[in-house]
Amino acid sequence: MRTFISIDIPEKIKKEIIKIQNQLSNFKGKLIEFKNLHLTLKFLGEIDEKKLSETKKRLKNVSSNKFEAEIDSIGVFSEDFIKIIWLRIRNCDELQKQIDEKLRGIFKKEDRFMSHLTIARVKNVKDKKKFLSELNKMKILPMKFTVNDFNLKKSTLAEQGPVYDIIENYRLN
């Protein structure tokens, strides 16, 4: 089973993200669907039932409080090799570190966690300079939301794209 841990984005924020996606141009690729917009805290990959059971047990011991997250900027990982367009989400690092710590010994620790929400996957950009210039001109008004929980999810790759299902939900204090 292909799994990951994530924070779901509130509907109101997703609607704003769609508006941002609609401003993107000059690239070939795929916008992330409304229903699939989320922040991945940790990708676990393929796991068996034994590992899944232990993961679920350990995640119950995450004792983080609810917190405010904020989406505040847009970017790409590499200007030379543009594959992902993302929105940065602030304030999720502590929860991610705690999850990493609870899963120590089962999964490798994240080396360079960068709290981001993928909004598009890029196949090709004809004019990188123009594309990056337009991206840099985009003003992202800060969008705040309360994080009340996180999810352990499974990802099933289907012809029309990935389908995400919640395995277990974990409420924050």
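FYI, it's all coordinate maths here, none of it is from the lab. All values reported here derive from a predicted model rather than from experimental measurement. Positions of Cβ are backbone-derived with ideal geometry, glycine not excepted, and every protein chain shown enters the neighbour counts.
Segment 1-73 and segment 140-173 have Cα centres spaced 4 Å apart. Sequence-distant contacts, meaning Cα pairs under 8 Å at least 6 residues apart, place the relative contact order of segment 2-171 at 33 percent. Placing a pseudo-label 7 Å from each Cα along the Cα-to-Cβ vector at Lys12 and Met114 gives an inter-label distance of 3.0 nm. Placing pseudo-labels 7 Å out from each Cα toward the beta carbon at Glu54 and Arg90 gives an inter-label distance of 3.8 nm. Free of any trypsin sites (Lys or Arg not before Pro) that DSSP assigns to a loop and that have at most 12 other C-beta atoms within 10 Å, the longest stretch within the chain is 1-59. Of all the options Asn148, Asn136, Asn36, the one that moves most in a Gaussian network model of the chain with Cα springs shorter than 10 angstrom is Asn136. In a reduced charge model with +1 at each Lys and Arg Cβ and -1 at each Asp and Glu Cβ, segment 2-171 shows a dipole moment near 220 debye about its Cα centre. Each residue of segment 36-48 was assigned a 3J(HN,Hα) from its phi angle through the Karplus curve 6.51 cos²θ - 1.76 cosθ + 1.60 (θ = phi - 60°); the sequence is 9, 6, 7, 9, 7, 7, 7, 8, 9, x, 6, 9, 8 Hz, with glycine and proline shown as x.
Annotation note: chymotrypsin sites (Phe, Trp or Tyr not before Pro) in segment 54-140 located in DSSP loop regions with a Cβ neighbour count of at most 14 within 10 Å are Phe77, Phe81. Summarising the amide proton neighbourhood of Ile84: residues at separation of 5 or more, or on other chains, whose placed amide H is nearer than 5 Å comprise Phe77, Ser78, Val122. Taking θ as phi - 60° and the Karplus parameters 6.51, -1.76 and 1.60, the scalar couplings of segment 104-120 work out to 4, x, 9, 10, 5, 5, 5, 6, 9, 6, 10, 5, 9, 10, 6, 10, 7 Hz in sequence order, x denoting glycine and proline. Along the axis of the charge dipole computed for the chain (Cβ charges of +1 for Lys and Arg, -1 for Asp and Glu, origin at the Cα centre), the listed residues Thr156, Leu24, Gly75 are led at the positive end by Leu24. Could you compute the FRET efficiency for Leu132 and Asn22, with r as their C-beta to C-beta distance and R0 at 22 Å, rounded to 0.05? Computed FRET efficiency for Leu132 and Asn22 comes out at 0.75. Pick out which of Glu49, Glu79, Glu16 has the largest mean-square fluctuation in a Gaussian network model of the chain, springs linking Cα atoms closer than 10 Å. Taking springs between Cα atoms under 10 Å, the residue moving most is Glu49.
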